[in-house]
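In what follows, a structure is listed as structure tokens, so that the remarks can point back to it.
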């Protein structure tokens, strides 16, 4: 795990998001140049009339787009909200969640819209929006770079407009895939919080997870509204179990402090992060938290 304060507040481009952008844009480029739309659609679109013989299309359909605005909207949304989720969850869990939501869009289309074929990443993207809104509902984002708005309201507006446009007469947008992606995303997160699905363990867990790839949340009923980056989550989840082991002396406890006094000082810092955010810490408090983080990584 990287140092606790090396994680930027606004994540840079992450690996899975970068590859997803490249794959979607690459398929669209091939569609316009070498192969043409007809050949790409025939090979990759999800058509209920050809399912299940063309079983692979439940995944490939989400990498094909009908027109430039279709591609641009989905990729812009992925670029805006994807890196933060991937940074917190890890690349493997992020990719699993993305494909799972895309699969949800495919299932909804096969059940409710059997009259036509479907393409586009909107089902997977809709699931990402739900996850972001649930993870950071009160985080302030800027619409068009200037208008501040809480993420829950921005994402609710985007989803609402998406469905309204999809239901409008003559719309070429398949709203069932969007709803399917959102529903599957919610199921994924709900089962994670309840401890279901062995391979989806972990957003809300009383015991700390050893894998850095899985989603984490703050234990002890702390509010996720002020949740910070992955390092803080791990410190909060494991600190009490470590610092109170009096039978195993802490290497970083000052000589004038007992283990219980040191534990109390760490807990005060963690409580401050939970209530006021990590930016509220003083230099000494940050140094103490970094020291504790190094201790946890050696455990």
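Spacing of the modelled spin labels on residue 191 and residue 13, each 7 Å from Cα toward Cβ, amounts to 3.3 nm. Structural descriptor for the stretch 1-144: relative contact order 30 percent, calculated from alpha carbon pairs under 8 angstrom and at least 6 residues apart. One chain, two ends: residue 272 and residue 76. Fully extended at 0.36 nm per residue, the span grows by 67.1 nm beyond their Cα-Cα distance. The modelled label-to-label distance between residue 23 and residue 53, using points 7 Å beyond Cα along the C-beta direction, is 2.6 nm. Using the Stokes-Einstein relation with a Kirkwood hydrodynamic radius computed over Cα pairs, the translational diffusion coefficient of the stretch 15-200 at 10 °C and a viscosity of 1.306 mPa s comes to 94 µm²/s. Available extension along the chain between residue 264 and residue 33 is 76.7 nm, counting 0.36 nm per residue and deducting the alpha carbon span.
All of the numbers you see were taken from the coordinates with simple rules; none came from a lab. The model shown is predicted, which means the values in this text are computed figures rather than measured ones. In this analysis, Cβ positions are derived from the backbone assuming ideal geometry, glycine residues included, and neighbour counts consider all displayed protein chains.
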